[in-house]
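Asker: Please read through the structure below; I'll follow up with questions.
The values are calculated or read from the model by the stated rules, or taken from the named source; none is laboratory data. Being a predicted model, the structure only gives us computed values, none of them experimental. Here Cβ is always computed from backbone atoms with ideal geometry, including for glycine, and neighbour counts include all displayed protein chains.
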C-alpha cells in the first residue's frame, strides 16, 4: 500500500487569517488555481491600486461591497474564464472567490451579478475612471516588484 504525502500550501494575503490549501475528496471549488495569482496581486498591489483610482460615487455607509472586492471579483472572474458576469451569481458564494476578493469564506456573499454589472458600467462610463483605467498601465512601469524590472 502506497501512502501519498498530503500537499499543503499556505497563503498569507488575508493577514491574520492564513489560507491553507490541501487535497479534499469533497468538491469545494474548481478555482483554487487563482490563489497564487491573488498572492502575487497582494505582493504587487495591482487590484488595490486599480480600485483606488476609480471614482466611487456611492455612500460608504450604504455600500455592502467595496470597490476593491468588486474589482477583484471581476478581474479574477475574467482570469478564470468567467468573462460573462452571469457566472458571478454562483461564484459570489464560492469560497475561493470570496478569498481572492478579500473576504473570509464564512462571510456574506460577494456582490451579485446585477451589482457587478452596475459597477462595471458605472466604472467604465465615468470620464474620470476612463482616464484612470487607461493610465493604470503606468502601474506596471513604476512597480518595483515587477518581474524583470
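Asker: Taking the conditions exactly as written (on the phi > 0 side of the Ramachandran plot and at pLDDT below 85), does residue 81 satisfy them or not?
Answerer: Taking the combined requirement at face value, the residue does not satisfy it.
Asker: I'm told residue 119 meets every condition in (1) modelled with pLDDT under 90; (2) surrounded by 11 or more Cβ atoms within 10 Å (Cβ to Cβ); (3) not in a helix (DSSP H, G or I) except one. Can you identify the failing condition by its number?
Answerer: Unmet condition: (3).
Every residue, every condition in (1) at pLDDT 90 or above; (2) in a helix (DSSP H, G or I), yes or no:
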| residue | (1), (2) |
| --- | --- |
| 74 | yes, yes |
| 86 | no, yes |
| 89 | yes, yes |
| 105 | no, no |
| 124 | no, yes |
| 131 | no, yes |
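Asker: Can residue 110 be described as surrounded by 13 or more Cβ atoms within 10 Å (Cβ to Cβ), assigned to a loop (DSSP other than H, G, I, E, B) and either without any contact (Cβ under 8 Å) to a residue 60 or more places away in the chain or touching a strand residue (DSSP E or B) at 6+ places or on another chain (Cβ under 6 Å) (or both)?
Answerer: Yes: the conditions hold for residue 110.
Asker: Still on this model: Which one is modelled with the highest pLDDT, of the residues in region 53-68 that are assigned to a helix (DSSP H, G or I) and surrounded by fewer than 20 Cβ atoms within 10 Å (Cβ to Cβ)?
Answerer: 68
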